[in-house]
Amino acid sequence: MLKPFVFYGSLSLAGMVFAFVGGVNLTGEIVGPGSVLMSLGGLGMILYSAYTLVLGEPVESVPEDMWVAATAAGAALLALWAVTVSPV
């Protein structure tokens, strides 16, 4: 029962990083289509995860354990990148 929360929480975390970095780029000097698409894609990931957890069938749409672990590791590495290396 914890697997859907880990999977969709990881997607939300990655979406937050994308939306934050894209939003900061839009308010700074790096304004372009990449920043706009990064912000919109991040917001889409957050909304999709929230919608699936609240209104959908999250247990039926979660992939295998290996992919859940890969998604969680990828989201953690992306968040670490945003904190340490990101040009923001």
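The values are calculated or read from the model by the stated rules, or taken from the named source; none is laboratory data. As the structure is a computational prediction, the values presented were derived from the model and not from experiment. Cβ sites come from the backbone with ideal geometry, for glycine too, and all protein chains shown count toward neighbours. When the accessible area is computed, the model is the full protein with side chains, heavy atoms only, and any ligands, DNA or RNA have been set aside. Shrake-Rupley method; radii C 1.70, N 1.55, O 1.52, S 1.80 Å.
Details
- Extending 7 Å from Cα along the Cβ direction at Leu40 and again at Ala76 yields two label points whose distance is 3.3 nm.
- Once the chain from Ala50 to Trp67 is taken as fully extended at 0.36 nm per residue, the excess over their C-alpha distance is 4.2 nm.
- Within the set (1) 6.4; (2) 5.9; (3) 7.0, the number that mean projected area of the Cα convex hull in nm² takes when calculated for this structure is listed as (2).
- Cα gyration tensor shape for the stretch 1-51, rounded if a/c is under 1.5, else prolate or oblate: prolate
- Each helix, a run of at least 4 DSSP H residues, gives -39500 (n - 2.57); summed and divided by the residues of the chain, these come to -26500 deg cm²/dmol at 222 nm.
- Remark: relative contact order (the chain) = 44 percent; criterion is Cα-Cα distance under 8 angstrom and separation of 6 or more residues.
- A simple spin-label model places the labels of Leu2 and Val59 1.7 nm from each other, with each point 7 Å out along Cα-to-Cβ.
- If you plug the beta carbon distance of Val31 and Val83 into 1/(1 + (r/R0)^6) with R0 = 30 Å, you get a FRET efficiency near 0.80.
- Solvent-accessible area per residue for the stretch 1-41 (1.4 angstrom probe, square angstrom): 59 Å²
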